[in-house]
Amino acid sequence: LLAEGALCDVHIVAGDPPERIPASRLLLAAASTPLAKQLRLDTCPVGTELQLPHLSVAAARAIVAYSCGVPCPFNKCSVSDARFVSAVLDAGFPETGHVCGNGVGNSDGSLAQEDQIASLQGTSNRATQRRLCHVVLGGVGYFCFLVASLTAYIPTTSFNLEVGGFFMDDVMIKRNPVIVDETLDWKRLWRTDYWGLEMFDPQTWTHKSFRPLVVLSFRWNYLLHGFNSHGFHVTNSLLHAVVSFQAGYFGWRVLRLPWSWASLLAALFAAHPVHTESICYIVGRADLMCTLVLLLAIQVYMPNAIGKSNSGGCFDVWPWFRLAFAIILIIVSGLCKETGFTFFGLFVIWEILGIIRPGHCRAARSRVLRVCILLIVGSLSCWARVQYTAGTRIARMDPYSNPVAASKDPRTRILSYLLVHGMYMKLLVWPSFLCYDYSMDAVPLVESVADLRLLLPCAAYLAFVQLACQAVLFLRVRSPSHRLAAEGPALGAAIFVLSFLPMTNLLFPIGTLVAERLLYTPSLGILIMAVSMVHLQVGGKHSFRTWRRATKYIGSLAVLVCALVAWWLLCYRRVLDWRSVEQLTLVDGLRQLRSSRTQFNLANIYLSSGRFDEALLAYQRSIATDPEERDSMPLYHAGQILLFRQQYLEAEVYLHKAVSGYFSPLTLHEEEVWHDYGLALWHTGKAAESVQNFQNALITNPAFPKGYNNLACALVLMGLSSMPVAVDVVQQGLQVMEQAVTMQPGVPLYWRNAAALLSLAGDTQGAMKAWQQYRQLDPAGAAPVEAQGALPRDCIWEFYFR
């Protein structure tokens, strides 16, 4: 309208040669009160020419564009002009004179203009110096505040995998050939999952977690310092520090938060106790790397989203370059963890916010085109990822890691998953109870809508919906200078939803019911949403204009700081729990009594230290979590303790259930279960069944020398006890014994048993040869027997705890 002369009532004359730029007194006055007063726009007649010859044309146009509310009005002027115009709009003209009409207020017009421009440039320089000082001091304070929050992870510098132990899934790092082999097998890297298991072998169980870039980082750690070092834990801590710094930068640059609030956002994220599992549990690095790359993608794409690179329309190359680079980074994040692929949706939402942003109609065509590209590339990337691993469903999922997925009642599954969502929200807000495992029966199934535990997800969903509605209301802000800050809560909500959706179990079941490390990225979204919303409510330039506003500001800040202190204390205590496998197992085992896995691991600690009574009780608690008693591992180990105590009838009951239950071949070998069950059957007088189970063990694993030893003893003794003697069974037993000593010729026990069995079978010459071998291997053990003057006529059964 100004260009057409409809609103123009004054002209700014600027530049050399001079150029007349149409302007509006009303708009100029609305844009800057100090400028309006200094120029006396209220008394200037229509048609006045404001003479500013030392002001560049670009700077004059920027002033007019700012007064009209044009987005990014300083795009077409230099940095110095932008700073100069900013100073003029902030402070107006100095008191030495004002520009009005065809001259100036002083007697010497040209001199007054020169003095005035010099004064304004001095004001601009002083303002620039003040801003620079503010940025430097804010940056230093931000850095110090962030470092103070990260001190909770200082104990990780003394952690050591070899000394403290490999905890649960961390063991798979040590077993993965891609990580520990001298040469990197690139083909194996791309065909195995996160745990090093083959993804395309139908005979091999796989988790389908394809994260090759994280596996590569483990290999680099291993090549640098090996496992006998704190390097793995320190690397995770450093990655967390970088992500925390990026979170603060995101708050300052994108959310338009002051340094103080941006540093508070970073510190809250750094000290959140729920992140301890992601840092101290080495396999949690997937979440760290995924979030780090996603924040980097956001920083790359930011100029496109906030409108700083849309002035050139579809023919400006830089927005498309940023789009391509951001897409590559999202795919990289998806190769760190599958959640990364969902963040194509964040950029789509960000572009939609830009389309509905006031005054951005000219850039709408470019934005719509970028949205289409993001939707197409994002859909293709997700499809390719799913196709590469042949879907996302985990075959033969045990009912202990995710008992809800094993439930056959759809209503029970939905209600139970809703409870899990409430538990996740509670962990985000007040993580006072932390545990490494929530397997059966830590979260009992919800079978009725009358279950009072459903109040937790109801409260969580209501709170989130209310916050989301408030975030939408903030989008009603029309001022271009405040609109980007007002989009902060909506962006936080988008980050939370996109990262939380894959772990809800609603789209597809995942391998664990509740895992604290999964909250790493969602916690960032919640914190962005909360901090930006509080700042919009109580922050700003007028925070201390009245006592009421000052009280709200200080009170809100105090609440956040108190939450930060409380979180830091919880975080530090939790980090200390992770210093060793034994410490964490004891702490969480005594805290979480309803989890089958925490009780099983606690029992293993007791068993390794010879505390058999406490171990048996812990195994029985683990078994009791499942009314159907389907978990083989606690049943097997409880049976072993009873077998060791010679309580053979009770041991038989437990081991019988173990051979038909669920177990992971990664942690328990099937042949061991068959073998010990056969041993229990032998001692309860069921010789034929015992032999059958020993044979089952050898069918499962033909390279199982312990099985050959005990099977030989069972066959020979069973054959000799038959009436008449079963010679063929005895001969079969002796042949099996020969296999044992052939497979392990350096084991004295096998030669000792061979001598005894041959002696019982009447082969004195063969018995003496076997005894000579035994004497060479174990002269101290042979001496007491030889003192009695006869070869042994009993068989020693091989048994040991696993």
Added length on full extension, which subtracts the Cα-Cα distance from 0.36 nm per residue, GLU670 to TRP383: 99.6 nm
Spatially proximal aspartates and glutamates relative to LYS337 (Cα-Cα < 14 Å; intrachain offsets below 8 disregarded): ASP193, ASP287
Rounded accessible area of GLU629 (nearest 10 Å², 1.4 Å probe): 70 Å²
Additional length obtainable on full extension of the chain from ASP185 to ALA566, 0.36 nm per residue less Cα span: 132.5 nm
Answer label, with percent of Cα pairs over 47 Å apart calculated from the coordinates and candidates [x] 31; [y] 57; [z] 41: [z]
Extreme residue, positive dipole direction of the chain, given options GLY511, ILE63, ILE330 (C-beta unit charges): ILE63
Net charge of neighbours whose Cβ lies under 14 Å from the Cβ of VAL57, counting Lys and Arg as +1 and Asp and Glu as -1: 0
Accessible area in the full protein assembly, largest first, 1.4 Å probe, for TRP220, TRP205, TRP350: TRP220, TRP205, TRP350
The stretch 1-61: GluC sites (Glu not before Pro) falling in loop per DSSP and having at most 16 other Cβ within 10 Å: GLU4
Radius 15 Å from Cβ of ARG775, net charge of other residues (Lys, Arg +1; Asp, Glu -1): 0
Listed residues LEU720, PHE344, GLN38: farthest to the positive end of the dipole of the chain (Cβ charges): GLN38
Label-point gap, in nm, between LEU375 and ASP728 - each point 7 angstrom along Cα→Cβ: 7.6 nm
Inter-site label distance for ILE414 and ARG573 at 7 Å from Cα along Cβ, in nm: 3.9 nm
Listed residues HIS240, HIS482, HIS535 arranged by accessible area, highest first, probe 1.4 Å: HIS482, HIS535, HIS240
Around PHE799: net Lys/Arg minus Asp/Glu count, Cβ-Cβ under 9 Å: -1
Percent antiparallel among DSSP beta bridges (both partners in the chain, rounded to 5): 55 percent
Solvent-accessible area, 1.4 Å probe, carbon plus sulfur percent, for the chain: 62 percent
Rel. contact order, % - alpha carbon contacts under 8 angstrom, at least six apart, the stretch 521-637: 13 percent
Amide H partners (placed H, <5 Å) of ASP631, local residues excluded: TYR662
Lysines with Cα under 20 Å of LYS552, excluding same-chain neighbours fewer than 8 positions away: LYS541
Solvent-accessible area per residue, Å², over the chain with all protein chains present [probe radius 1.4 Å]: 45 Å²
Overall dimensions of the stretch 545-586 as given by Cα atoms, namely Rg and Dmax in Å: 17.8, 56
Relative contact order of the chain, defined on C-alpha pairs under 8 angstrom at six or more residues apart (%): 8 percent
Debye, to nearest 20: dipole size of the chain, +1 on Lys, Arg Cβ, -1 on Asp, Glu Cβ: 2800 debye
Between 0 and 90°, nearest 10: helix 632-644 axis offset from the chain longest Cα axis: 40 degrees
Sites GLN735 and GLU614 - FRET efficiency at Förster radius 45 Å, r taken between beta-carbons, to 0.05: 0.55
Pairs from LYS187/LYS408; LYS187/LYS208; LYS174/LYS657 whose Cα-Cα separation, in the structure shown, is over 28 Å: LYS187/LYS408; LYS174/LYS657
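The values are calculated or read from the model by the stated rules, or taken from the named source; none is laboratory data. All values reported here derive from a predicted model rather than from experimental measurement. Note: ideal-geometry Cβ built from the backbone for every residue, glycine included; neighbour counts use all protein chains shown. To get the accessible areas, we keep the full protein, side chains included, count just its heavy atoms, and leave off ligands, DNA and RNA. Shrake-Rupley method; radii C 1.70, N 1.55, O 1.52, S 1.80 Å.
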